[in-house]
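This report refers to the structure that appears directly beneath it.
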């Protein structure tokens, strides 16, 4: 089962591809580095006073190593076209697409709000803290975020949910993806939105990654029908057409390892006759321009690295620090301070450019981390001190985290999209000014 030619790729027409050889090499390197970090943490956990490293080891294994291994393997064995399933950020097959819609984004927002659904928050530091607190204390959080799932190579544009009896572990929820221009379903049916609705019944551990996640109800058709009923009850003018046997009925598992089953029918809900409300208009945004959390996290680590270097440069300049890495600097301290200070300013600049979506800054920041990791590993191989908590485990760990964050699919897509937009804008400006454009000016390196 495949989509139309315009939909067989992973991204929409205005989103450039992100699979350059250098990106691929850095992606694989990050996976190997994550395995090395997990081994270092596991070794450190055997120290009698470092038993708590066992928890850190589990976190690295569940949230870094296993997801990255799944992502590498899924690139090899999963097809890169629409097969009726969303994917997790690890590349695993996620929830089935079990609802499609016709209509504008404002019509979707209007209908969902009138049907009593609540728009889910985006994942950020605040929402992450709130969902942890609500789960532990079993307090209601109506706008709790949902984990990202991917269709067309990008995460959902938005999601809606309904909490059940004030219990954060149970909720109805549905994710929505805007279809690329000209894309049609296999079989030729034209739709504007794809959606995946499932019911969270509890919180548990993922079978495939060991992460803490919501567990969904097996019969996803019940949630599909619940979504249809809620929309048609609140919007009598909406119509529903069922594509019977769109896929064969099947049993499978989603990205968290939960059993799922469906009869394969796919509804097409026509919301075009819906009278759009003014509140819904304010919710219409282009989710592709939102800065993803991995990019923000990576930029924060680069800024932290630059701030640390700046403090080191200040100590060297004032003479408060004259011995670095066992070497007495003395009269060379000001020179070294200047070099370290220049590096610090470069790191701060890279952090700023990362937040703006520069792909060159993303690559440069990762290459600096690669150099640091290889240097540390080479030093150990050549008889230097091992990488422990008392030496440079924290520094190596942060470098590995930085590469993992910036090689994530969301970070890559954001950087390529933003860089591509700036290149096209410059091209349009030059064309308007009568400046001829050579082919090399049409693409961001």
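Place the peptides 90-97, 299-306, 126-133 in order of packing, highest mean first, counting for every residue the other Cβ atoms within 10 Å and averaging per peptide. Walk me through the numbers before you get to the answer.
Numbers: 90-97: 22.9, 299-306: 20.9, 126-133: 13.9.
By packing density, highest mean first, the sequence is 90-97, 299-306, 126-133.
Here 241, 175, 224, 410 are placed in order of increasing Cβ neighbour count within 10 Å, fewest first, which gives 241, 410, 224, 175. Measuring nothing but how far apart in sequence close Cα pairs (under 8 Å, 6+ apart) lie, relative to its length, the range 184-286 scores a relative contact order of 24 percent. Rounded, prolate or oblate for the range 173-239? Axes are the square roots of the Cα gyration tensor eigenvalues, ordered a ≥ b ≥ c, and the cut-off for rounded is a/c under 1.5. Oblate shape, in that a/c is at least 1.5 and b/c is the bigger or equal ratio.
How high is the FRET efficiency from residue 374 to residue 398, r the C-beta distance, R0 22 Å, rounded to 0.05? Before the final figure, lay out each step's value.
On the way: r = 15 Å, r/R0 = 0.69.
For R0 = 22 Å, the calculated efficiency reads 0.90.
Mind giving me the FRET efficiency for residue 304 and residue 203? R0 is 41 Å, r the Cβ-Cβ distance, nearest 0.05 is fine. About 0.80, to the nearest 0.05.
As a footprinting exposure proxy, order 151, 184 by other Cβ within 10 Å, with the fewest listed first. Don't jump to the answer; show the numbers that get you there.
Values: 151 25, 184 15.
Neighbour counts put them in this order, fewest first: 184, 151.
Please state the relative contact order of the range 83-285 as a whole percent: Cα pairs under 8 Å, 6+ residues apart? Kindly include the intermediate steps, with their values, before the conclusion.
Working: 429 pairs, mean separation 52.8, N = 203.
Relative contact order comes out at 26 percent.
What shape does the range 83-285 take by its C-alpha gyration tensor, where a ≥ b ≥ c are the square roots of the eigenvalues and a/c under 1.5 counts as rounded, a/b above b/c as prolate, and the rest as oblate?
On the way: a/c = 1.63, a/b = 1.19, b/c = 1.36.
Here the range 83-285 falls in the oblate category.
Reported to the nearest whole Å, the Cα centre-to-centre distance from the range 337-416 to the range 202-256 is 40.
Residues of the range 69-88 with the amide nitrogen closer than 14 Å to a label point 7 Å from the Cα of residue 232, along Cα-to-Cβ, please. Of the residues in the range 69-88, none has backbone N under 14 Å from the label point off residue 232.
Values in this text are rule-based calculations from the coordinates and carry no lab data. Keep in mind the model is a prediction, meaning the values are calculated, not measured. Here the Cβ is made from the backbone with ideal geometry for all residues, glycine too, and neighbour counts use every protein chain on show.
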